[in-house]
Amino acid sequence: MLLGKVVGTVVSTKKEPELEGLRMLLVRELDAAWQATGKVIVAVDAVNAGDGEIVLFAAGSSARQTLATKDRPVDHVIMAIVDTVTANGAVVYDKQRDA
């Protein structure tokens, strides 16, 4: 799993039928220091994430393991919205505090 921040939405009116009904979001990958890596990917949203939220996403064949993406042609899926992260006993991210 990878950490990222939702930075936008992708709209596609013409697409493969297997992608119908799937919401696609732009996600900027974050590193361990909570800095953007510069890499931006398109991910299918399986959890109704919103703009600016910190999310967990999966890549590759793991992206096709959710109910929303099972057997569909996707490379990335958002599978969790992050509420808090602690490291070494300290809270490094809190959705309520950092919003």
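The values are calculated or read from the model by the stated rules, or taken from the named source; none is laboratory data. Please read these numbers as outputs of a predicted model, since none were measured by experiment. So basically every Cβ, Gly included, is an ideal-geometry build from the backbone, and we count neighbours across all protein chains shown.
Some observations on this one:
- Residues located in segment 61-83, provided they are surrounded by fewer than 17 Cβ atoms within 10 Å (Cβ to Cβ), in a loop (DSSP other than H, G, I, E, B) and among the polar types (S, T, N, Q): GLN65
- Tally of residues being within 20 Å of the chain's Cα centre (by Cα) and either surrounded by 11 or more Cβ atoms within 10 Å (Cβ to Cβ) or of a type in the set (A, V, I, L, M) (or both) across segment 84-99: 8
- Test: residue in segment 42-58 that is out of contact with any Gly (no Cβ under 7 Å at 6 or more places or on another chain), assigned to a strand (DSSP E or B) and of a type outside the set (A, V, I, L, M): yes
- Tally, over segment 58-83, of residues that are out of contact with any helix residue (DSSP H, G or I) (no Cβ under 6 Å at 6 or more places or on another chain), at pLDDT below 95 and closer than 18 Å to ALA36 by Cα: 2
- The single condition among (1) exposed (fewer than 14 other Cβ atoms within 10 Å of the Cβ); (2) touching a His at 6+ places or on another chain (Cβ under 6 Å); (3) not small (Gly, Ala, Ser) that ASN48 does not meet is (2).
- Of the listed requirements (1) more than 19 Å from TYR93 (Cβ to Cβ); (2) in contact with an Asp or Glu (Cβ under 8 Å, 6 or more places away or on another chain), THR13 misses just one: (2).
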